[in-house]
Amino acid sequence: MNRKIIIMVLASILVTLQLGVNAQKFNRGQRDADNRPRQDMQKMNKGQMDATCLPGLTDEQKEKAKTFKVEFLKKITPYQDQIAEKRAHVRSLSNQENPEMDKINSTIDEISDLRAEIMKAKAAHHQDIRNILTEEQRILFDSKRHRRSHQKGGCMSGKARVNPSVWP
């Protein structure tokens, strides 16, 4: 009787320890200054705005899309760098003995302004891409199916494949 109880207690302890170890595996990976997972900008944008994978694109459309993407990345990279610096600054201000909330709040406001600029640049980039597409390509580009199709890595990979016979 006592032996069964001891075995059951040991088994439950082992299961509990194993669950804790498995839960920690999900938190691994590179992290930025705020201990948030890093997101490569190209990966993040690929699922949202990469038009080069649309079926039926002409070479001219592909070149224009690549040009727009390079211009977009050049525009937002300084904003991203400034955001990373300001996040580190907020963190250092927050870790002080007597944190100055006015400085912390103003730096947070500056981060918000920079993020708004990135969002505006994304919206402009999206419209630039839409303007070079045909109506059918535009519908696909705007659809959630197109955005999800890139998240698993690659053009039209995963379950969200588009039927190529529909496109010329």
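The values are calculated or read from the model by the stated rules, or taken from the named source; none is laboratory data. The shown structure was predicted, so the numbers you read here are calculated from the model rather than taken from an experiment. Positions of Cβ are backbone-derived with ideal geometry, glycine not excepted, and every protein chain shown enters the neighbour counts.
Give me the pairs, please: first residue somewhere in the range 54-82 and free of Cβ contacts under 8 Å to residues at least 24 places away in the same chain, second residue anywhere and assigned to a helix (DSSP H, G or I), beta-carbon distance under 7 Å, and either six or more positions apart or on two chains.
The qualifying pairs are Lys62/Thr52; Lys66/Thr52.
Can you report the number of residues in the range 112-168 which are over 30 Å from Gln80 (Cα atoms), at pLDDT below 80 and of a type in the set (S, T, N, Q)?
Residues in the range 112-168 being over 30 Å from Gln80 (Cα atoms), at pLDDT below 80 and of a type in the set (S, T, N, Q): 2 in total.
Yes or no: Asp109 modelled with pLDDT of 90 or more, exposed (fewer than 13 other Cβ atoms within 10 Å of the Cβ) and in a helix (DSSP H, G or I)?
When the stated conditions are applied, Asp109 passes them.
Is it true that some residue in the range 64-73 is touching a helix residue (DSSP H, G or I) at 6+ places or on another chain (Cβ under 7 Å), within 30 Å of Asp128 (Cβ to Cβ) and modelled with pLDDT under 90?
no
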